[in-house]
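Worksheet: the structure to be examined is printed underneath.
Each value in this text was obtained by applying a stated rule to the coordinates, not by laboratory testing. Here the structure is a predicted model, which is why all the values come from computation and not from measurement. Every residue, glycine as well, gets a Cβ built from its backbone with ideal geometry; the counts of neighbours run over all protein chains shown.
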Amino acid sequence: SELREEMVEFMSAMYSIVYVLIILAVILNIVVLYNIGVLSFTERYRELATLKAQGFSDKLLRGLLFGQNMWLSAIGLIVGMCLGTQMIGLMFSATDAYDFNIVVKPLSIFLSIVLTYGTSVLVSLLFNRRLKNLDLVGTFKNND
């Protein structure tokens, strides 16, 4: 009975830590994807302005940036899940004190995919305004 109470208390603490880690992972996801979006937009500003000046619609340019975000998210998901699985295995193999089975439920995988792609879509939407406000004349005047 006392051992059971200790185990329940231990699991409650573990769940709290896991929830904090999930929140921090979501914040990190938002920051990283937003920074990649800003960097990509800044690096491609002149290229996007040139395409817009040649008659490409905002919708097509949004599609280009959106597609890039989706591909980067897909690559990040694949690499992250592979490395994450390996890291979990290493962490649990390094501890001799506890004997836990590694179980990653399909719901966890699904939620991580949905959160990553949801964040990527939100970041893409943030750049829609910037596409509308491209300064075509100023871009071509600048000779850097």
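Restricting the calculation to Cα atoms, the chain yields a radius of gyration followed by a Dmax of 22.0, 78 Å. Across the stretch 1-63, the fraction of Cα-Cα pairs farther apart than 16 Å, rounded to a whole number, is 67%. Over the chain, dividing the summed -39,500 (n - 2.57) contributions of all DSSP H runs of at least 4 residues by the number of residues returns a 222 nm mean residue ellipticity of -28500 deg cm²/dmol.
Across the chain, the longest piece that holds none of the chymotrypsin sites (Phe, Trp or Tyr not before Pro) lying in DSSP loops with up to 14 other C-beta atoms within 10 Å covers 1-55. Karplus-derived 3J(HN,Hα) values for the stretch 30-44, using 6.51 cos²θ - 1.76 cosθ + 1.60 with θ = phi - 60°, are 4, 5, 5, 5, 5, 5, 5, x, 5, 4, 5, 5, 5, 5, 9 Hz; glycine and proline are entered as x.
Report the relative contact order of the chain, percent, no decimals, based on alpha-carbon pairs under 8 angstrom and at least 6 residues apart.
44 percent
Projected label points at residue 104 and residue 128, each 7 Å from Cα along the beta carbon direction, are separated by 3.3 nanometres.
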